[in-house]
Every structure is written in C-alpha cells, then in structure tokens.
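Asks: Quick one: the structure is below, questions incoming.
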Amino acid sequence: MSVTIKDVAKKANVAPSTVSRVLSDSPRISEKTKRKVRKVMDELGYHINYNGRVLVSQSTQTIGIVTKVSSDHSFENPFFSEMLRGISDACHENDYSIYLTTGNTEEAIYQEVVKMVQGKRVDGVIVLYSREGDKVVPYLRECEFPFVMLGKPVEKFGETMYVDNDNVQASKDITDYLITLGHERIGYIGGNSQYEVARDRLEGFRRAMKENGIEIKDELLKNIQTDKPDPEQVAEELLSLPDPPTALVFTDEYNASTVMRALAARGVKLPEEMSVVGFNNTMISRLSAPPLTTVDTQSIQLGHESARNLIELLKYPDTIKKSVIIPTVIVERESCKQRKAENSQP
C-alpha cells in the first residue's frame, strides 16, 4: 500500500495541510518544520502524486524542449547533448521533467508544439534556436505561452526572454586571434544563414577583417546550408584556388572536424600549412587531429540558464523579459601556428 500525506503527517506529528505546504515549499512553513517533514517522507518512502498535483495546480511540472529538425546533425553534435545536460540539471534542481520534440521536418516540429500548448502537456517551452521564417516563436507569442529562446531573437527583442553569447564579438575575437598570428588570407566556413547565430558570427568575422584593413575574398567564404555537408567538396574548392587560405574560421566544430580530415587526406599539414579555429569547445575540439583551438561558448551554462530563467518566468509571470549573455573564452590548442612572413628566411 502506498504512503499517503496522512501517514506522513501522523508520524511527523503535524497536520496534513502542513505536509501539503511543505510539498509546495510554502514560505509560511519554517525551515525546521520542512526539514522534519522531509525526513519523515524519506523514511516512509513517500512519493509525490504528480497526476494529483496537475489536477489541483493545473501545472504539469514539465518543460517542452523545441529542437531543430531531428534529421539535422544536432543529435550527433556534442554541443546539443551538453546544452541538454544543462537544461536537465536546472530542471532536476526545480523538480521539473522534460518533453522533447522529435519531428524530422519544420512543419512536424511546429505541429508538435501546437499539441504541447493546446493539450497542456507542458508549462513552458525552451526553443533551442533562433531562425528567420520560423513559425514556432510567433505562435508561442500569439498564444501568450511562456517560453525562453536559446539565441538572440530575430525580432521583438524587448518582448522575448533569451539566453545567448555575444556571437558577433566572439567571432571577431577568434578572427583577431588568427590575425595576430600573422594570417591575412583567412577563409570562413559558416552554417545555415537562416539562423541568427550564423549571421552574427559572419558579421564578427567581417568586422575583424575590416578593422585590420584586410580585404575579404568572396572565394574564401563558404556556407554549409544542408544537414549533410560535403567536407570533400569544401576541401577541394579551397585547395583548388590559386592562392589557398592559410587559416580557416569554422562556426561549427562538427563541420570543422570533417573538413580537417578531408584536408589532411589531401596532404595538407595542420597547422603548419593551414591553421584552423572553431566554436563550442566540446569533446570534438579535444579529439580533433590536431586538437582544435576554439571559442568556448559554455554550452552547459547556456542550457542551465535557459531552463532556470523559464522556471523563474513560470513562478513569476510578471518577470521582465530579460536577456542573459553568457561570456565566451578562446581555448588555445594545437590547430594554430604563427604564420611566417612571405619574405622570411628559413
């Protein structure tokens, strides 16, 4: 037979209503009493009846996670799993569960979100991207449903709570890093330009090059748009140029690792002949050959802050729609090398 609130109340020598208030962490109950009741709950093996809680409080204690389409390489990319770990940690700390979208098209993801909201399956939503032409975020705004974005919104900044890095500055910093090593012919391999993060990182690259008086060559700008990038093609295009780049900026270390392998297979010595940098600082950076110099975007912290802020919004609906910017740092590894001047002697 399952343990009830009345059983806990009897052993703790308190009223059943006191046990209920302890379960809801009511400020009306002293910390001493809360500790006593929680100790009895542990001793008796009492577990909260979440179905009953939902009926009484109209809360599911569940947060919806809206991903990019599952066919994207997100599920293969450690950045996604680290971010999800941060979300999971924050949810665990606040006794929330996670409901993850699984659609393999943008329309399927959108329909899942509609079901989440209309079916009252979740209390709030974390959208793990910011994309031009997206249907999910406008729908959540229209329904006035609580949500937090991971990434700078495409529009309505002041009306949207979001967590992000300063991707313009981070991209500028990593490009400046290559320039200080003597590189000028620098290639840029970006991601899908529909996403705000891809546009911001390209802007940071352009600013660094412009401020250092370096011309940006169109043939050195590549954009991997699909979920199945062709590293062989990217490597071939770069190496077939009359004057190949001496350094590359990748906005995604997943793509960086695949192109690095393709370059190495063609006899390019990294970093002696070409320096490479990326973003995120997950295990991919550490396991690349050579280990990748990268921008640490603190993926776990991004996830944790997005969940923490959504839970705060759920508890206090009048909370100001704030933005949280997680700082970045460059982690130096073996994929970069000082560029010798063209007229230097061996």
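Asks: What about residue 253, is it of a type in the set (Asp, Glu) and touching a residue at least 24 places away in the same chain (Cβ under 8 Å)?
Replies: Working: of a type in the set (Asp, Glu): yes; touching a residue at least 24 places away in the same chain (Cβ under 8 Å): yes.
Yes, satisfied.
Asks: A further question follows. Take residue 83 and tell me if it is out of contact with any helix residue (DSSP H, G or I) (no Cβ under 7 Å at 6 or more places or on another chain), touching a residue at least 12 places away in the same chain (Cβ under 8 Å) and open to solvent by less than 40 Å² (accessible area, probe 1.4 Å). Quick ask: steps written out before the conclusion?
Replies: Numbers: out of contact with any helix residue (DSSP H, G or I) (no Cβ under 7 Å at 6 or more places or on another chain): no; touching a residue at least 12 places away in the same chain (Cβ under 8 Å): yes; open to solvent by less than 40 Å² (accessible area, probe 1.4 Å): yes.
Against the criterion (out of contact with any helix residue (DSSP H, G or I) (no Cβ under 7 Å at 6 or more places or on another chain), touching a residue at least 12 places away in the same chain (Cβ under 8 Å) and open to solvent by less than 40 Å² (accessible area, probe 1.4 Å)), residue 83 does not qualify.
Asks: Can you go through 286, 308, 339, 333 and tell me which one is surrounded by fewer than 22 Cβ atoms within 10 Å (Cβ to Cβ) and in contact with a Pro (Cβ under 8 Å, 6 or more places away or on another chain)?
Replies: Details: 286 fails: in contact with a Pro (Cβ under 8 Å, 6 or more places away or on another chain); 308 fails: in contact with a Pro (Cβ under 8 Å, 6 or more places away or on another chain); 339 fails: in contact with a Pro (Cβ under 8 Å, 6 or more places away or on another chain).
Matching residue, one of 286, 308, 339, 333: 333.
Asks: So residue 111 fits all but one of (1) surrounded by fewer than 21 Cβ atoms within 10 Å (Cβ to Cβ); (2) at pLDDT 95 or above; what number is the exception?
Replies: (2)
Asks: To continue, here is another question. Can you name the residue in region 16-44 that is assigned to a loop (DSSP other than H, G, I, E, B) and polar (S, T, N, Q) and is also least open to solvent (accessible area, probe 1.4 Å) among such residues? Give the derivation first.
Replies: Going through region 16-44, the residues assigned to a loop (DSSP other than H, G, I, E, B) turn out to be 24-30.
If we keep only those that are polar (S, T, N, Q) too, we end up with 24, 26, 30.
Working: 24: 82, 26: 15, 30: 59 Å².
This residue is 26.
Asks: Sticking with this structure for a sec: Being surrounded by 19 or more Cβ atoms within 10 Å (Cβ to Cβ), part of a loop (DSSP other than H, G, I, E, B), in contact with a helix residue (DSSP H, G or I) (Cβ under 9 Å, 6 or more places away or on another chain) and without any contact (Cβ under 8 Å) to a residue 60 or more places away in the chain, is that true of even one residue in region 93-102? Show your work before the answer.
Replies: First, pick out the residues of region 93-102 that are surrounded by 19 or more Cβ atoms within 10 Å (Cβ to Cβ): 96, 101.
Restricting the remaining residues to those that are part of a loop (DSSP other than H, G, I, E, B) gives 96, 101.
Retained after the next criterion (residues that are in contact with a helix residue (DSSP H, G or I) (Cβ under 9 Å, 6 or more places away or on another chain)): 96, 101.
Remaining after also requiring without any contact (Cβ under 8 Å) to a residue 60 or more places away in the chain: 101.
Yes: region 93-102 contains one or more residues that are surrounded by 19 or more Cβ atoms within 10 Å (Cβ to Cβ), part of a loop (DSSP other than H, G, I, E, B), in contact with a helix residue (DSSP H, G or I) (Cβ under 9 Å, 6 or more places away or on another chain) and without any contact (Cβ under 8 Å) to a residue 60 or more places away in the chain.
Asks: In region 267-281, what residues are of a type outside the set (S, T, N, Q) and in a loop (DSSP other than H, G, I, E, B)?
Replies: 267, 268, 269, 270, 271, 272, 273, 274
The values are calculated or read from the model by the stated rules, or taken from the named source; none is laboratory data. Keep in mind that this is a model prediction, so the values were computed, not measured. Counting neighbours? That spans all protein chains shown, and the Cβs are built from the backbone with ideal geometry, glycine included. Please note that ligands, DNA and RNA were not included when accessible areas were found on the heavy atoms of the full protein model with its side chains. Shrake-Rupley method; radii C 1.70, N 1.55, O 1.52, S 1.80 Å.
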